[in-house]
Amino acid sequence: MSSHRPELHITAQHGVLEAPAGALFTGEQWHVFHQYRSQPDVKKNNWGHVVSADTPFNWAHRDDVLSAEAPEVQVRAGSVVAPRCGDEAELFFTSVTDEGPSIHRALLTNLSGPQSDVRREGSVVDAPVLGIDKLQDFRSPCVVPGWADEDDRSEGHGGWLMLAVAGPMSAPELVMLSSHDQQSWTLDGPLAFHGDSGLAHHPILVSPRIIRLRDEVDSHVYDVLIVTVEADGVDLSGYLVGTLRGCDFWVKTPFTQMDFGHDFTRPRNTNTVRGVTYGNNERYDAALIFGLMNGVGRLDNPATHESLRAEGWANCLSLPRLTTLQGGLLFQTPTPGLTSAIPHTAHARMWSGLIDAQEGSVTVTLLDNATGRIAATITHSGHHLQLDRSMNPLHAEDSPAEAYLISADTDSLTIIVDGSTVEVFADGGVIAMASRVYFEGICGGFDVTAEGGASILRYFEVAGEDV
């Protein structure tokens, strides 16, 4: 029996999931909104809404919260802002008409109920509203709280900031806007980098996000700018660490790739209700991030997906990643609760181990239970990590995904297989890889070998009920 659809990841019930739109954790429920089309050949799209209680692994579909309304032709991704009171959330989204895109707002009420209510509140950012001629086509908003005092963040938040994209598709600009009430916005100007951004050779930046994290090394709260680079038909998502003051971003860590697998792009952070944190983390200690498991973004052809041909759906979101900042680098690990969730699935699997690969290598082979053949391999060789799916007939022309690891006291490897998804976290999360891997049946198990002086110090494995 083959089932490409993952059980723990978010997918559309049918059609094509195009991008994560925003996520919110209320302390009791996880709400994720995603942009999708009901059929590959349908131009208009919707914002879907899925909910999970307690942990972000058991998703239930709710009614769509946004659909294109004439004269709109599309509603694209944006962000979700924590409730201003009670059971509400603000949705900021990109509204596209034949005249071009602009940024709109909607109020979502009865958030925790079986059916939410949506009231559109109109355009908040477009050229006529801002009264400017130079910049047009505002889109992809990320809205976060501003600072009461930019020079002293201990004073807390005041007002709102919006990071967005403006200008033509071929030459987009990142811009900053500010507001006191989320309704009236002032264009502060294009975002300017000070220091080496690492983006000099990447002119097309899309899908910007901004989060705040406290570095575990120096205890300072930094701004983390997440962007996706479009280049040569491939999406590359990464981050910069620094300090944002107005329109000026002072760089500490230049653009650094965020995921080294075949399929990860356009990540979105999870906002929270005031006073809510993830587990025992204090505010700014950690962030929760979802990405789209697709390597080419807007150039994707859903007809090429085996899941669409066999089961009528294409694309999914990654597992949520608990993200921390250590010495200017992002570390990503599976969100707590995953180990307990896997046994309640039918077919998901996880292998996690501490290894010594300073000499030699450790290889984990994923087996296809229908054919007995190898579906993919993951190899940790000390300073190098590789995910190879080229031996799989459905991925025969794909080059291996590769990454170089920084020196670590202890090597580690965690691999999660869920339907047609494989996610890998190495050395405490300093490297992450997400790739789609199709099995003719299901993943039949892990074959783990150590060679050339490498060893497996300890490990554990957990699997679904029917495995």
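The values are calculated or read from the model by the stated rules, or taken from the named source; none is laboratory data. Note that this is a predicted model, so its numbers are computed, not measured. Cβ placement follows ideal geometry from the backbone for every residue including glycine, while neighbour counts extend to all protein chains displayed. Only protein heavy atoms, including side chains, enter the accessible area calculation; ligands, DNA and RNA are left aside. Shrake-Rupley method; radii C 1.70, N 1.55, O 1.52, S 1.80 Å.
Per the 1.4 Å probe, what fraction of the accessible area of the range 10-319, in percent, lies on carbon and sulfur atoms?
47
By average Cβ neighbour count within 10 Å, what is the ranking of 11-22, 333-344 from highest down?
11-22, 333-344
Evaluate Rg over Rh across the range 1-145, taking Cα atoms for both radii and Kirkwood's formula for Rh.
0.99
Run lengths n ≥ 4 of DSSP H only: what is the helix-derived mean residue ellipticity at 222 nm for the chain, with -39500 (n - 2.57) per run over all residues, to the nearest 500?
When only DSSP H runs of four or more count, the value is -500 deg cm²/dmol.
Report the relative contact order of the chain, percent, no decimals, based on alpha-carbon pairs under 8 angstrom and at least 6 residues apart.
Once normalised by length, the contact order is 14 percent.
Grab the other residues whose beta carbon is less than 14 angstrom from that of Met391, score K and R as +1, D and E as -1, and report the net.
Around Met391, the charge tally is -4.
Which value, in debye to the nearest 20, gives the size of the charge dipole of the range 338-463 about its Cα centre, when Lys and Arg are +1 and Asp and Glu are -1 at the Cβ?
Dipole magnitude for the range 338-463 comes out near 320 debye.
In the chain, with Lys and Arg counted as +1 and Asp and Glu as -1 at Cβ, which of these residues, Val81, Ser154, Gly295, has the Cα nearest the positive end of the dipole, that is, farthest along it?
Val81
Counting Lys and Arg as +1 and Asp and Glu as -1, what is the net charge of the other residues whose Cβ lies under 13 Å from the Cβ of Pro190?
-2
To the nearest 10 Å², what's Tyr278's accessible area with a 1.4 Å probe?
The accessible area of Tyr278 comes to roughly 20 Å².
Send over a whole-number figure in Å² for the accessible area per residue of the chain, probe 1.4 Å.
Roughly 40 Å² per residue, with all protein chains present.
For Arg309, Arg268, give me the order by solvent-accessible area with a 1.4 Å probe, most accessible first, ignoring ligands, DNA and RNA.
Most to least solvent-accessible, the answer reads Arg309, Arg268.
Among (i) 65, 48, 42; (ii) 71, 47, 42; (iii) 144, 69, 48, find the value of Cα extents along the principal axes in Å that was calculated from the structure presented, and write down its label.
Label (i) holds the value from this structure.
Under a point-charge model restricted to the Cβ atoms of Lys and Arg (+1) and Asp and Glu (-1), what is the dipole moment magnitude of the chain relative to its Cα centre, in debye to the nearest 20?
Using Cβ point charges on Lys, Arg, Asp and Glu, the chain gives about 660 debye.
Could you tell me the ratio Rg/Rh of the range 180-321? Both radii from Cα atoms, Rh via Kirkwood.
Taking Rg over the Kirkwood Rh, I get 1.01.
Would you kindly find the accessible area of Met391, with a 1.4 Å probe and non-protein molecules such as ligands, DNA and RNA excluded, rounding to the nearest 10 Å²?
80
Rolling a 1.4 angstrom probe over the protein chains, ignoring ligands and nucleic acids, what is the accessible area of His220 in square angstrom, nearest 10?
Solvent-accessible area, nearest 10 Å²: 100 Å².
Averaged over every viewing direction, what's the projected area of the C-alpha convex hull for the range 338-463? Give it in nm², one decimal, please.
Over every viewing direction, the Cα hull of the range 338-463 projects on average to 7.1 nm².
Quick one: ranking Phe193, Phe57 by accessible area, 1.4 Å probe, largest first, what do you get?
Reading off the accessible areas and sorting them downward yields Phe193, Phe57.
Assuming R0 = 35 Å, what is the FRET efficiency of Val296 and Ile374, from their Cβ-Cβ distance, to the nearest 0.05?
0.90
Using the Cβ atoms and a cut-off under 14 Å, what net charge is assigned to the surroundings of Gly444, where Lys and Arg are +1 and Asp and Glu are -1?
-3
Among Ser112, Phe260, Ile210, whose Cα sits farthest toward the positive end of the charge dipole of the range 10-319 (+1 at Cβ of Lys/Arg, -1 at Cβ of Asp/Glu, about the Cα centre)?
Of Ser112, Phe260, Ile210, it is Ser112.
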